[in-house]
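To keep things clear, I will list the structure first and then write my remarks on it.
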Amino acid sequence: MKRTILLLAAFFALHAQAQTGAQATVQKIAQSDTLLKQAEVSLGLSDGRMVVGYLGGLSEIRKNGSMATVVPLKVPAVTGCYYAGLVEHQGYLYASCTTNWGKYNAKPMLIGAPITADLSQTTFTIIAQPTGIYGSNGLAFDGKSFYLADSGMFNGKIVQIKLSAPLKTETQKTVYTSKQRPNGIRYDAKANALYFTENSAMAGFMDVSATLSKVSLKTDGTFGTVTKVYSQKGYFDAPILTQTGFVMADPLKQKVFHVNETSQAVTMLAEGVAATSVGFACPNCNSLIATDMSKHAVFEIVPFNTLTPR
């Protein structure tokens, strides 16, 4: 499925029209066929630094002027691991990746490392090797447990992995099964809830619906009732939460847009960017960063109207 998205994103990029009515400025700030290969996920750290996960590893994006320097980080030497999940918690950075993504012989892992003054000198270690997961995707953390979205091969699930120490995990548990393919996932600390996207196995081949759902977490971290928040035809990747709603990335239709959760009003932010993830560049700024897997690049998106993190 990732391969399909990449090919279709490249096709649409060749036929993309100029932006019309987009309510943000868009600028490419980094590109690398090696250190941002099929760039999949981005994270703005609490100290303002930016990290991107790609096919092969993690890179720090060090902005200096209009463009940025791409610096590789020291991840475990596992060839072809596709990094699709990133979270920060109490001075540590965690990431998830899978080799042979979406295949029967897929091997996922969860890694972690302390956030230091120079991330390029920090060595990440493997803290979990989940089983029964074929396409690890988005990663969220509620203060006690990781929630890993498995896009699977056809159907998918969300798995809970408890953290017992900064670099030690406990046994995994499936907390949600799906006939679709879960993808992006975010934790809302104020509501103690998870937001997650799901896509049909036919996405990319047919114009089918993609969905963003919300679920409150029980005291043990398991799921309560899942409710649909937003749905439209397309493909939803990793969302971010704002005070009024959420920003969604659709890499197939090459759009990044904001949805007011109450009114469902849609504001287009960017077109022609095959964003597989979007996130705030820093905690208190209006800049967003988006990864474009088809261009092996990172874009900065600055909305005309300020968006505030939830």
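The values are calculated or read from the model by the stated rules, or taken from the named source; none is laboratory data. Note that the structure is predicted; figures quoted are calculated from it, not measured. Positions of Cβ are backbone-derived with ideal geometry, glycine not excepted, and every protein chain shown enters the neighbour counts. Surface accessibility is based on the protein's heavy atoms, side chains included, excluding ligands, DNA and RNA. Shrake-Rupley method; radii C 1.70, N 1.55, O 1.52, S 1.80 Å.
Listed cross-link partners Lys37/Lys253; Lys28/Lys255; Lys74/Lys103; Lys190/Lys233 are compared with a 18 Å cut-off, the Cα-Cα value being larger for Lys37/Lys253; Lys74/Lys103; Lys190/Lys233. When the Cα positions of Val259, Ala165, Tyr176 are compared along the charge dipole of the chain, Tyr176 comes out farthest toward the positive end, with charges on each C-beta of Lys, Arg, Asp and Glu.
Based on Cα atoms of the range 81-179, Rg over Rh with Rh as the Kirkwood radius reads 0.97. Computed over the chain, the per-residue total of -39500 (n - 2.57) for DSSP H runs of n ≥ 4 gives a 222 nm mean residue ellipticity of -1500 deg cm²/dmol, rounded to 500. Which of Gly56, Gly132, Gly156 moves most in a GNM of the chain, Cα contacts under 10 Å? In the Gaussian network model the winner is Gly132. Which value, in Å² rounded to 10, gives the accessible area of Cys282 with a 1.4 Å probe and all protein chains present? Estimated to the nearest 10 Å², Cys282 gives 40 Å².
In this rough spin-label picture, where each label sits 7 Å from Cα along the Cβ direction, the Asn100-Phe223 distance is 2.7 nm. Distance in nm between label sites at Ile126 and Asp33, each 7 Å beyond Cα in the beta-carbon direction? Taking the simple label geometry, Ile126 and Asp33 are separated by 3.1 nm.
Here, P(r) means the percent of Cα pairs in each 10 Å bin from 0 to the largest distance; for the range 176-271 it is 16, 50, 29, 6, 0. Think of a 1.4 Å ball rolled over the protein heavy atoms: the chain then has 41 Å² of accessible area per residue.
Roughly what percent of Cα-Cα pairs across the chain reach past 28 Å? Looking at the chain, the distances longer than 28 Å represent 30 percent of pairs. Full extension of the chain between Tyr92 and Gln23 gives 21.4 nm of extra length, using 0.36 nm per residue less the Cα-Cα distance.
Taking chymotrypsin sites (Phe, Trp or Tyr not before Pro) as exposed when DSSP calls them loop (any state but H, G, I, E, B) and at most 16 other Cβ atoms lie within 10 Å, what is the longest stretch of the chain free of them, the sites themselves excluded? Segment 1-103 is the longest. Basic side chains Lys and Arg get +1 at the Cβ, acidic Asp and Glu get -1 at the Cβ, and with that the dipole of the range 207-264 about its Cα centre reaches some 80 debye.
Share of carbon and sulfur in the accessible area of the chain stands at 52%, probe radius 1.4 Å. Of the whole protein surface, Ser178 contributes about 10 Å² of accessible area at a 1.4 Å probe radius.
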